[in-house]
Amino acid sequence: MITIMHTRVRTFDGKVIYIPNHKVLNDQVVNSSARPNRRLDIDFFIPYDQDVEKVTDVVGKILKEDEKVLEKPAPRVVIEKFSPNYMEMKARFWVVRKFALTGRWGLNAKIKSSFDKEGIRMASPRLEITQNQ
């Protein structure tokens with residue numbers, strides 16, 4: 001609903017947001033409901049001593065077998081960035097809009113369970129401080 005002072009928007013998760021009209025006119029506004037599909041990302045951190053090809057295969061298989069994950073665009077598992085103690089990896093995939101909130105949750109559990117079964121260790125992002133003596 002648009003009034004003289006603000007625009008009222010209902011988000012896909014049920015919230016009502018009031019946006020001042022100068023924001024609507026001057027800033028970028030993202031319409032998450034305009035398209036039937038949504039892209040989701042799952043980030044995970046893998047130590048350098050782990051087999052990247054194995055990690056990619058395990059996560060790729062999970063994405064391929066999950067009925068919520070769309071075949072096109074094809075899901076991808078990539079190294080997004082190198083950090084000092086681990087690789088920042090990303091699983092990127094598309095789902096029908098109605099799974100935008102829940103699509104990631106079950107996959108997180110499947111990835112963790114599969115990593116445990118395959119002996120793949122994950123790293124946790126951390127800051128290491130060393131003291132010189």
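The values are calculated or read from the model by the stated rules, or taken from the named source; none is laboratory data. Small disclaimer: the values here were computed from a predicted structure and weren't measured. Cβ sites come from the backbone with ideal geometry, for glycine too, and all protein chains shown count toward neighbours.
Against the definition (at pLDDT 95 or above and either of a type in the set (Lys, Arg) or not in a loop (DSSP other than H, G, I, E, B) (or both)), how does residue 23 come out, yes or no? No, not satisfied. If the condition is being over 26 Å from residue 94 (Cα atoms) and either touching a residue at least 12 places away in the same chain (Cβ under 8 Å) or surrounded by 12 or more Cβ atoms within 10 Å (Cβ to Cβ) (or both), then the stretch 14-48 contributes 18, 19, 20, 21, 23, 24, 47, 48.
For (1) closer than 30 Å to residue 2 by Cβ; (2) among the polar types (S, T, N, Q); (3) modelled with pLDDT of 95 or more, each residue gets a yes or a no:
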position: 28; (1), (2), (3): yes, yes, no
position: 46; (1), (2), (3): no, no, yes
position: 51; (1), (2), (3): no, no, yes
position: 85; (1), (2), (3): no, yes, no
position: 89; (1), (2), (3): no, no, yes
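Scanning the stretch 86-133 for residues that are in contact with an Asp or Glu (Cβ under 7 Å, 6 or more places away or on another chain) and either exposed (fewer than 14 other Cβ atoms within 10 Å of the Cβ) or of a type in the set (D, E, K, R) (or both) returns 88, 90, 92, 101. Among the residues of the stretch 91-116, those that are within 24 Å of residue 47 (Cβ to Cβ) and assigned to a helix (DSSP H, G or I) comprise 104, 107, 108, 109, 110, 111, 112, 113, 114, 115, 116.
Taken over the stretch 49-82, the criterion of being assigned to a loop (DSSP other than H, G, I, E, B) and either surrounded by 13 or more Cβ atoms within 10 Å (Cβ to Cβ) or touching a Cys at 6+ places or on another chain (Cβ under 9 Å) (or both) is satisfied by 50, 51, 66, 68, 70, 74, 75.
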